[in-house]
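Asks: The structure is given below, and queries will be raised subsequently.
The values are calculated or read from the model by the stated rules, or taken from the named source; none is laboratory data. None of these values were measured; they are calculated from a predicted model. For neighbour counting, all protein chains shown are included, and Cβ atoms are generated from backbone atoms with ideal geometry for every residue, glycine included. Ligands, DNA and RNA are stripped out before the accessible areas are found, and what is left, the full protein with its side chains, is counted by its heavy atoms. Shrake-Rupley method; radii C 1.70, N 1.55, O 1.52, S 1.80 Å.
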Amino acid sequence: MKLKSIIPMALGVLVVGLLGSNLRADPVDEKLVIDGQKEIITRAKAPAGHPFDEVVSGWHYRTPETRALEADSFQNPGMLYVERGAEIWNTVEGAAGKSCASCHGNAAESMKGVGAGYPKWSETAGKPVNLELQVDACRKDQMQAEPYKFDHDDQKALVTFIKHQSLGVPMSLDLAKGEMQSWWDRGKEMYYQRTGQLNLGCASCHEQNNGKYIRADHLSQGNVNGFPTYRLKQANMVSLHNRFRGCIRDTRAEFPKAFSDELIALEVYVTWRGTGLGIETPAVRQ
């Protein structure tokens, strides 16, 4: 057998061995209070049908230094994206001569709670849309401006700004709208599907080995209430679909296109798994 065939197999054995080890630690028992004023719900009773009894924010799994960064808005590097997003919100673009504020006014009022309910069913699109797709629809239909390219810095900044207006609001999806339930079903199937040379799925890390360590990182439940999230290892704001694709890539599998039906379905399901957790955007993770 050739060396290049042996290496992926050996890596797979190593990863599975690490996941199966007993090296673990419980999430810390602390409260997340932003700037000493706003307490965020980081533990909540899981919704009916959830594999866990309690859903727990990834914040509880991070180091003391990382947790402290998120708790201090002045130190949180993700707040630079919030500031940039505020500028974009008020900037006129496109042939219609409009900005986001032209239709929605003061984001602190009009966007409060909005980010906690996405993805949501769109009759126009005939499927669920996330905030990025909704922003692109507004740019195209209302502003007559070009949609953003995936992970454009301004796209991440604007979505971060919009989500930040819902800071502390519990996540809650309306699965009764349109065909949301069927997309939830599809997302659940994808969550448990093993893929790639390492034969891993989302559940392999975030459910079956939740709390254990792999590559010196503490495996959380994988809840998404902090996205977009500032990741210290990348020194950048990371979108949810970027993280999805990164995880799938790490299984040595080909990843779907961003905002593909597969990843939108996965976003629906994963967001539901964190029902009740408060929006943390911009969260800080390692």
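Asks: If you place +1 on the Cβ of every Lys and Arg and -1 on the Cβ of every Asp and Glu, how big does the dipole about the Cα centre of the stretch 63-209 come out, in debye to the nearest 20?
Replies: Dipole magnitude for the stretch 63-209 comes out near 280 debye.
Asks: Return the aspartates and glutamates within reach of residue 127: Cα separation strictly under 14 angstrom, same-chain partners fewer than 8 residues apart disregarded; answer none if there are no such residues.
Replies: Cα-Cα hits under 14 Å: 174, 179, 185, 261, 262, 267.
Asks: Would you work out what percent of the accessible area of the chain, with all protein chains in place, is carbon or sulfur (probe 1.4 Å)?
Replies: Roughly 52 percent of what the probe reaches on the chain is carbon or sulfur.
Asks: Express the accessible area of the stretch 82-169 per residue in Å², computed with a 1.4 Å probe while the remaining protein chains stay in the model.
Replies: 48 Å²
Asks: While we're on this one: Note down the nm distance, to one decimal, between modelled labels 7 Å out along Cα→Cβ at residue 152 and at residue 39.
Replies: Label-label distance for residue 152 and residue 39, simple model: 4.2 nm.
Asks: While we're on this one: Roughly what would the spin-label model give for residue 26 and residue 195, points 7 Å off Cα along C-beta, in nm?
Replies: 3.5 nm
Asks: Further question on the same structure: Most mobile of 96, 253, 71 per a Gaussian network model of the chain (Cα springs, under 10 Å)?
Replies: Maximum fluctuation in the GNM of the chain, among the listed residues, is at 96.
Asks: Another question, then. Angle check, please: helix 261-273 long axis (alpha carbons) against the longest principal axis of the chain (alpha carbons), in degrees 0 to 90, nearest 10.
Replies: Tilt of helix 261-273: around 80 degrees.
Asks: Of 149, 45, 188, which has the largest mean-square fluctuation in a 10 Å C-alpha GNM of the chain?
Replies: Answer for the Gaussian network model of the chain: 149.
Asks: Which value in deg cm²/dmol, rounded to the nearest 500, describes the helix-derived mean residue ellipticity at 222 nm for the chain, given -39,500 (n - 2.57) per DSSP H run of n ≥ 4 and division by the residue count?
Replies: Roughly -11500 deg cm²/dmol at 222 nm, from the helical runs in the chain.
Asks: Could I ask something else about it? For residue 201, what residues show an amide H to amide H distance below 5 Å, using hydrogens built from the backbone and excluding near sequence neighbours?
Replies: The answer is 195.
Asks: Starting from 0.36 nm per residue, how many nanometres of slack lie between residue 104 and residue 286 once their C-alpha separation is accounted for?
Replies: Contour length minus the Cα-Cα distance gives 62.1 nm.
Asks: Can you tell me the dipole magnitude for the chain around its Cα centre, using point charges on the Cβ only (Lys, Arg +1; Asp, Glu -1), in Debye to the nearest 20?
Replies: Result for the chain is approximately 840 debye, rounded to the nearest 20.
Asks: Follow-up. Would you kindly give the portion of the calculated P(r) for the stretch 65-210 that falls above 27 Å, as a percent of all Cα pairs?
Replies: Above the 27 Å cut-off, the stretch 65-210 has 36 percent of its Cα pairs.
Asks: If the cut-off is a Cα-Cα distance under 26 Å, which lysines reach residue 120, setting aside same-chain residues fewer than 8 apart in sequence?
Replies: 45, 98, 112, 140, 149, 156, 163, 177, 188, 257
Asks: Also, I was wondering about something else. Let me know the charge dipole size of the stretch 212-268 about its Cα centre in debye, to the nearest 20, where only the beta-carbon of Lys, Arg (+1) and Asp, Glu (-1) is charged.
Replies: So the dipole magnitude of the stretch 212-268 works out to roughly 300 debye.
Asks: For the stretch 58-66, just list the computed ³J(HN,Hα) in residue order, Karplus coefficients 6.51, -1.76 and 1.60, θ = phi - 60°, integers in Hz, with x standing in for Gly and Pro.
Replies: For the stretch 58-66, the Karplus-derived couplings read x, 4, 5, 9, 8, 6, x, 5, 5 Hz, x marking Gly and Pro.
Asks: Right, here's the next one. Using only the alpha-carbon atoms, what does the chain span along each of its principal axes? Please give whole angstrom values in decreasing order.
Replies: On the principal axes, the chain reaches 62, 43, 38 Å in Cα extent.
Asks: Could you compute the FRET efficiency for residue 50 and residue 123, with r as their C-beta to C-beta distance and R0 at 25 Å, rounded to 0.05?
Replies: 0.30
Asks: Roughly what would the spin-label model give for residue 138 and residue 67, points 7 Å off Cα along C-beta, in nm?
Replies: Placing both labels 7 Å beyond Cα along the Cβ direction yields 3.5 nm.
Asks: Each residue of the stretch 102-110 in turn: what ³J(HN,Hα) in whole Hz from Karplus with 6.51, -1.76, 1.60 and θ = phi - 60°, glycine and Pro shown as x?
Replies: 4, 9, 9, x, 6, 4, 4, 9, 6
Asks: Regarding the stretch 154-260, what are the three Cα extents along the principal axes, ordered largest first, in Å?
Replies: Computed over the stretch 154-260, the largest-to-smallest principal extents equal 39, 37, 28 Å.
Asks: If you plug each phi of the stretch 201-217 into the Karplus form 6.51 cos²θ - 1.76 cosθ + 1.60 with θ = phi - 60°, what whole-Hz ³J(HN,Hα) values come out, in order, with x for Gly and Pro?
Replies: The phi angles translate into x, 4, 5, 4, 8, 7, 10, 6, 10, 3, x, 7, 10, 9, 6, 6, 10 Hz.
Asks: So for the stretch 83-185, taking the charge dipole from beta-carbon charges (+1 Lys/Arg, -1 Asp/Glu), which of 168, 86, 147 sits furthest toward the positive end?
Replies: Of the options given, the answer is 168.
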